[in-house]
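Asks: Right, I'll just put the structure down here and ask away after.
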Amino acid sequence: MRRNAPLIALGVIVAIAVGLRVYVLTTPLMRFEGDEGVTGVMAQDILSGDFPVYFGVQSYQGALEQYLQAPLLWLLPDTPFVLRLVQVALIALILVATYLVAHRVTRSRWGGVLAAALLAVGPYYFLWKGIKSHGGYDGALLAGLVMVLAALMLRVDGRRRNVVALVLGIAAGVAIWENPTSLYMVIPAAIWAIGSARGALLRLLP
């Protein structure tokens, strides 16, 4: 039981965070906005056979989240609440990724739990913005955390190192595609990864 206590605590934190955000979705704080309308139209366009790459008519901010929203709009009523459920799910994954990164850094599962708890009840802006369907923010943060975790794991040897390097590269690409501001995470993670790989960089090449 004690060994599983941190994971149980993480599960409780994620459940509370999800419940809180679902509740907030039902309040007047979550008035539907124009940018969210664009993401809704994009998700509908995907169901109609169009495949956008970026948000609206922009040449930046990827459309990954809209590909996740489209199946929900096909299965469930086409409402702002349903559209934003993808954001809630991404927040849950972000909390788990935060736990994994903090666990790796602190070498303590309880350190990971603390980091996830702080983010779960973190700044009001994260609570509000995190469940707004503004395109590219939650997806970029999740991809960035996966990239950081991969950079921290690059010390492993053998075939696993190649897999970790592949995950790092894909996550970095997705993060930058989703939101260019991810460079603030990509650059330090890349520096850390290069330092961790050291003389093994050539062996990571195909």
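Since every read-out is calculated from the coordinates, none of them should be taken as a lab result. What you are looking at is a predicted structure, and each value in this text was computed from that prediction instead of being measured. Every residue, glycine as well, gets a Cβ built from its backbone with ideal geometry; the counts of neighbours run over all protein chains shown.
Asks: Given R₀ = 25 Å, what would the calculated FRET efficiency be for I170 paired with A89, taking r from the Cβ atoms and rounding to 0.05? Intermediate values should be presented prior to the final figure.
Replies: Values: r = 20 Å, r/R0 = 0.80.
E(calc), rounded to 0.05, equals 0.80.
Asks: Here is a follow-up. Treat every Asp and Glu Cβ in region 6-90 as -1 and every Lys and Arg Cβ as +1, leave all other atoms uncharged, and give the resulting dipole magnitude about the Cα centre to the nearest 20 debye.
Replies: About 340 debye.
Asks: Using only helices, what value at 222 nm comes out for the chain when you add -39,500 (n - 2.57) per DSSP H run of length 4 or more and divide by the total residues, to the nearest 500 deg cm²/dmol?
Replies: Estimated from H runs of four or more residues: -23000 deg cm²/dmol.
Asks: Another question, if that's okay. Just want the answer: with Cβ charges of +1 for Lys and Arg and -1 for Asp and Glu, which residue in G130, P80, G169 is farthest toward the dipole's positive end in region 72-192?
Replies: Going by the charge dipole, the pick is G169.
Asks: Still on this structure, I have one more. Mind pulling the angle between the C-alpha long axis of helix 159-178 and the longest principal axis of the chain? Nearest 10 degrees, somewhere in 0 to 90.
Replies: Orientation of helix 159-178: about 30 degrees from the principal axis.
Asks: For the chain, set up a Gaussian network in which alpha carbons nearer than 10 Å are linked by springs, and say which option among L29, L149, L73 fluctuates the most.
Replies: Largest GNM mean-square fluctuation: L29.
Asks: Where is the GNM fluctuation largest for the chain (alpha-carbon springs, 10 angstrom cutoff): G34, G136, G11?
Replies: G34
Asks: Here's something else I'd like to know. Rounded to the nearest 10 degrees, what's the angle between the helix 183-197 long axis and the longest principal axis of the chain, both from Cα atoms, 0 to 90?
Replies: Around 20 degrees separate the two axes.
Asks: Cα-based Rg of region 116-184 per 2.2 N^0.38 Å, rounded to two decimals?
Replies: Working it through for region 116-184, the quotient is 1.28.
Asks: Okay, moving on. Towards the positive end of the charge dipole of the chain, with charges on Cβ (+1 Lys, Arg; -1 Asp, Glu), say which of L114, M185, Y23 has the farthest Cα.
Replies: Of L114, M185, Y23, it is L114.
Asks: Tell me, in nm to one decimal, what length is gained between T79 and D45 on full extension, where the rule is 0.36 nm per residue of separation less the Cα-Cα distance?
Replies: Numbers: separation 34, 0.36 × 34 = 12.24 nm, distance 1.53 nm.
Full-extension gain reported as 10.7 nm.
Asks: Provide the per-residue ³J(HN,Hα) series for region 17-34, in order, calculated from phi with Karplus coefficients 6.51, -1.76, 1.60 and θ = phi - 60°, each as a whole number of Hz, with x at glycine and proline positions.
Replies: 4, 5, x, 4, 6, 5, 5, 4, 4, 8, 9, x, 4, 9, 4, 6, 10, x
Asks: According to a simple spin-label model (label point 7 Å from Cα along Cα-to-Cβ), what is the distance in nm between Y23 and W110?
Replies: Inter-label distance under the simple model: 2.8 nm.
Asks: Still on this structure: Once you sort the root eigenvalues of the Cα gyration tensor of region 1-114 as a ≥ b ≥ c, which label holds: rounded (a/c under 1.5), prolate (a/b larger than b/c) or oblate (the other case)?
Replies: Since a/c reaches 1.5 and a/b is larger than b/c, the shape of region 1-114 is classed as prolate.
Asks: Could you check which residue among Y124, Y54, Y67 shows the biggest mean-square fluctuation in a GNM of the chain with a 10 Å Cα cutoff?
Replies: Result for the chain, Cα springs under 10 Å: Y124 fluctuates most.
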